[in-house]
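Everything on this sheet refers to the single structure shown next.
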């Protein structure tokens, strides 16, 4: 099977996996405007990094790694002023804000409570939980986050216990 050329391939892969961006943004930003900004930052970084993507790896694994790094950096930045910019006409128009708001707005009360509890977690804990809830195995999570599978298991158990305790207290 022939691979689509550069831009077309990027657009195709991003379209297939765009929900990853919405989920990561939802885990890191409570405000809808911040989520849209974060998704845009993730798309820009994915676009910039795509020439270095090694297609022997699963695209979704690579995408999660880039998205998580962007989300963590996004949170750490005090002001977003002075950030290096890319002309928007250089990046494919892939952000469907209405679709993102629908995906993120479908949450029920239980999911909103979970989102509040998750928002209190440290950055790495959020990343672990998002990947775990997506169904990734410990080895895959370890590969995405650059930690050992044993460390993933240990941290996930601690996170689950903490969330249980906080849920019971809520």
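What ranking, highest mean first, results for peptides 59-65, 20-26, 129-135 when packing means the other Cβ atoms within 10 Å averaged over each residue? Working shown, then result.
On the way: 59-65: 19.9, 20-26: 23.6, 129-135: 17.4.
Result, highest mean Cβ count within 10 Å first: 20-26, 59-65, 129-135.
Subtract the Cα-Cα distance of residue 12 and residue 73 from 0.36 nm times their separation in residues, and report this length gain in nm to one decimal.
Numbers: separation 61, 0.36 × 61 = 21.96 nm, distance 2.61 nm.
Extra length from residue 12 to residue 73 when fully extended: 19.4 nm.
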Along principal axes, Cα extents of the stretch 26-71, largest first, whole Å
36, 17, 12
At a 10 Å Cβ-Cβ cut-off, how would you order 163, 14, 38, fewest neighbours first?
163, 14, 38
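Taking the Cβ-Cβ separation of residue 57 and residue 154 as r and a Förster radius of 25 Å, what is the calculated FRET efficiency to the nearest 0.05? All intermediate terms of the calculation are to be shown ahead of the outcome.
On the way: r = 25 Å, r/R0 = 1.00.
Efficiency, from the Cβ-Cβ distance: 0.50.
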Would you compute, for the Cα atoms of the stretch 108-170, the largest minus smallest coordinate along each principal axis and list the three values in descending order, in whole Å?
33, 20, 17
Compare the peptides 39-49, 146-156 by average per-residue count of other Cβ atoms within 10 angstrom and give them in order, highest first.
39-49, 146-156
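Since every read-out is calculated from the coordinates, none of them should be taken as a lab result. Everything numeric here is computed off the predicted structure, so don't read it as measured data. Cβ sites come from the backbone with ideal geometry, for glycine too, and all protein chains shown count toward neighbours.
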